[in-house]
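One structure is given below, encoded as structure tokens.
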Amino acid sequence: MVRDHGPGVPEAELSKIFHPFYRLSDSREHRSGGTGIGLAITQEVARLHGGSAKAHNAQPEGLVVEIELPRSVKS
């Protein structure tokens, strides 16, 4: 789990932040850098390993990204 303490993400855009090259409008208007590919890569890598990546807003502010991967079982 990773959490920041910024303004969070509008609820309507939470599922979109994992789309390649998607950036919130506030991020596009500032020269903050980034291309909007990091979370898309994170979600795809988690999926390829049998896991998932999800995001939700924290209270009172911030964003939480949770990455779940299956436990490796050695025989």
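To the nearest 10 degrees, how steep is helix 38-48 against the longest Cα principal axis of the chain, on a 0 to 90 scale? So the inclination is approximately 20 degrees.
Scattering from the chain was approximated by placing one identical point on each alpha carbon and applying the Debye formula without solvent; log10 I(q)/I(0) at 0.11, 0.13, 0.15, 0.28 1/Å stands at -0.32, -0.43, -0.55, -1.39.
Taking 7 Å steps out from each Cα toward its Cβ at Val45 and Arg3 produces label points 2.3 nm apart.
Calculated mean residue ellipticity, 222 nm, the chain: -5500 deg cm²/dmol, from DSSP H runs (n ≥ 4) at -39500 (n - 2.57) each, averaged per residue and rounded to 500.
None of the figures in this text is laboratory data; all of them are computed from the coordinates on show. Remember, it's a predicted structure, so these values are computed and weren't measured experimentally. As a convention, Cβ positions derive from the backbone with ideal geometry for all residues, glycine included, and neighbour counts pool all protein chains shown.
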